[in-house]
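Engineer: Encoded as structure tokens, here's the structure I'll be asking about.
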Amino acid sequence: AITHFVSTAKDITERRRAAAEQRRLWDVLEATLNEIYVFDAQTLRFEYVNACARRNLGYAMDAMRTLTPLDLKPEPSAAAFDELIGPLRRHEKEKIVFQTVHRRADGSRYPVEVDLQLVQDGGKPVFLAVINDITERKLAEEARRESEERFRDLFENAHDLIQSVRPDGTLLYVNRAWREALGYSEAEIPGLSL
């Protein structure tokens, strides 16, 4: 006959708190509008890719696990990428920041800025990449460059004498009519003071 039971209890409050904290961290990573990638430092295979990246690239997580960063980047060769990440592997740098282009599953491309670090995941080295889609920035830069070219062409061909001067009186730009009227070549203008 059973006369009594013996039981033991273990306080798992800290373990539950740690698990909840880890879930919150993953929720944040999934929700961010930056693309987040974690990939193996040796094989370069993706281990984690957040929702923003999967959505922007058009790949499911299962497909991402079969890919490496080289599959997303149309221009760098394996040797060039290895050279790029070499300073991280050799611990000469803590992070590198560079711009490149990503290729989506449908073949379309978009410009990105990559912030790449080598970190430890449970003692295993992995790369952590935080990616910003810089499409809007590139479009704005191109629009500004085109605008500057249009205005420069307009000013360059104007009959009036046009000049742009720094606050210290140094010339930044003068148009062709100004140079011809005052007898200067274009090469003589930079650094010339009024």
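The values are calculated or read from the model by the stated rules, or taken from the named source; none is laboratory data. Since we're looking at a predicted model, the values are computed, not measured. Ideal geometry is used to build each Cβ from the backbone, glycine not excepted, and the neighbour counts take in all protein chains shown. The protein model used for the area step is the full one, side chains on, heavy atoms only, and it has no ligands, DNA or RNA in it. Shrake-Rupley method; radii C 1.70, N 1.55, O 1.52, S 1.80 Å.
Engineer: Here is a list: Pro111, Pro87. Which entry is over 13 Å from Phe46 (Cβ atoms) and touching a residue at least 12 places away in the same chain (Cβ under 8 Å)? Talk me through it step by step, then tell me what you get.
Structural biologist: Working: Pro87 fails: touching a residue at least 12 places away in the same chain (Cβ under 8 Å).
So the residue among Pro111, Pro87 that is over 13 Å from Phe46 (Cβ atoms) and touching a residue at least 12 places away in the same chain (Cβ under 8 Å) is Pro111.
Engineer: Would you confirm whether or not the stretch 6-21 contains a residue that is open to solvent by less than 100 Å² (accessible area, probe 1.4 Å) and within 15 Å of the chain's Cα centre (by Cα)?
Structural biologist: No: the stretch 6-21 contains no residue that is open to solvent by less than 100 Å² (accessible area, probe 1.4 Å) and within 15 Å of the chain's Cα centre (by Cα).
Engineer: Inside the stretch 42-105, counting only helices (runs of 4 or more DSSP H) that do not spill past its ends, which hold 3 or more residues that are open to solvent by 70 Å² or more (accessible area, probe 1.4 Å) and charged (D, E, K, R)? So that I can check it myself, show each step before the final result.
Structural biologist: Working: elements: 51-57, 61-64, 69-72, 78-89.
Of the helices (runs of 4 or more DSSP H) lying wholly inside the stretch 42-105, those with at least 3 residues that are open to solvent by 70 Å² or more (accessible area, probe 1.4 Å) and charged (D, E, K, R) span 78-89.
Engineer: Here's something else I'd like to know. Checking the structure you have, find out if any residue of the stretch 143-151 is assigned to a strand (DSSP E or B) and not small (Gly, Ala, Ser). Lay out the reasoning, then the answer.
Structural biologist: From the stretch 143-151, those assigned to a strand (DSSP E or B) are none; that's our starting set.
No, the stretch 143-151 contains no residue that is assigned to a strand (DSSP E or B) and not small (Gly, Ala, Ser).
Engineer: If I ask for residues that are open to solvent by less than 20 Å² (accessible area, probe 1.4 Å) and touching a Phe, Trp or Tyr at 6+ places or on another chain (Cβ under 9 Å), which ones from the stretch 106-120 would you list? I'd like the intermediate steps shown before the answer.
Structural biologist: Applying the first criterion (open to solvent by less than 20 Å² (accessible area, probe 1.4 Å)) to the stretch 106-120 yields 110, 112, 114, 116.
Listed by number, the residues that qualify are Val114, Leu116.
Engineer: With respect to Gln99, determine if the residue is touching a Pro at 6+ places or on another chain (Cβ under 7 Å) and touching a residue at least 24 places away in the same chain (Cβ under 8 Å). First the steps, then the outcome.
Structural biologist: On the way: touching a Pro at 6+ places or on another chain (Cβ under 7 Å): yes; touching a residue at least 24 places away in the same chain (Cβ under 8 Å): yes.
So Gln99 passes the test.
Engineer: Please work out which residue is modelled with the highest pLDDT, limiting yourself to the stretch 1-38 and to residues that are in a loop (DSSP other than H, G, I, E, B) and under 30 Å from Tyr59 (Cα atoms). Talk me through it step by step, then tell me what you get.
Structural biologist: Here is the first cut: in the stretch 1-38, the ones in a loop (DSSP other than H, G, I, E, B) are 1-12, 32-34.
Narrowing further to those that are under 30 Å from Tyr59 (Cα atoms): 32-34.
Numbers: Thr32: 86, Leu33: 85, Asn34: 91.
That would be Asn34.
Engineer: Does the stretch 96-112 contain any residue that is within 19 Å of Thr135 (Cβ to Cβ), hydrophobic (A, V, I, L, M, F, W, C) and touching a Gly at 6+ places or on another chain (Cβ under 9 Å)? Talk me through it step by step, then tell me what you get.
Structural biologist: Initially, the stretch 96-112 is screened for residues within 19 Å of Thr135 (Cβ to Cβ), giving 97-112.
Applying the additional criterion that residues be hydrophobic (A, V, I, L, M, F, W, C) yields 97-98, 101, 105, 112.
From the residues that got through so far, the ones that are touching a Gly at 6+ places or on another chain (Cβ under 9 Å) too are 105.
Looking through the stretch 96-112, at least one residue is within 19 Å of Thr135 (Cβ to Cβ), hydrophobic (A, V, I, L, M, F, W, C) and touching a Gly at 6+ places or on another chain (Cβ under 9 Å).
Results for (1) modelled with pLDDT of 85 or more; (2) of a type in the set (D, E, K, R); (3) surrounded by 10 or more Cβ atoms within 10 Å (Cβ to Cβ), shown as yes or no for each residue.
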site: Arg144; (1), (2), (3): yes, yes, yes
site: Ser147; (1), (2), (3): yes, no, yes
site: Arg152; (1), (2), (3): no, yes, yes
site: Glu156; (1), (2), (3): no, yes, yes
site: Asp160; (1), (2), (3): yes, yes, no
site: Ser164; (1), (2), (3): no, no, yes
site: Thr170; (1), (2), (3): yes, no, yes
site: Tyr184; (1), (2), (3): yes, no, yes
site: Leu192; (1), (2), (3): no, no, yes
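Engineer: Determine, yes or no, whether Leu139 is surrounded by 10 or more Cβ atoms within 10 Å (Cβ to Cβ) and under 30 Å from the mean Cα position of the chain (by Cα). Walk me through it before giving the result.
Structural biologist: Working: surrounded by 10 or more Cβ atoms within 10 Å (Cβ to Cβ): yes; under 30 Å from the mean Cα position of the chain (by Cα): yes.
Yes, satisfied.
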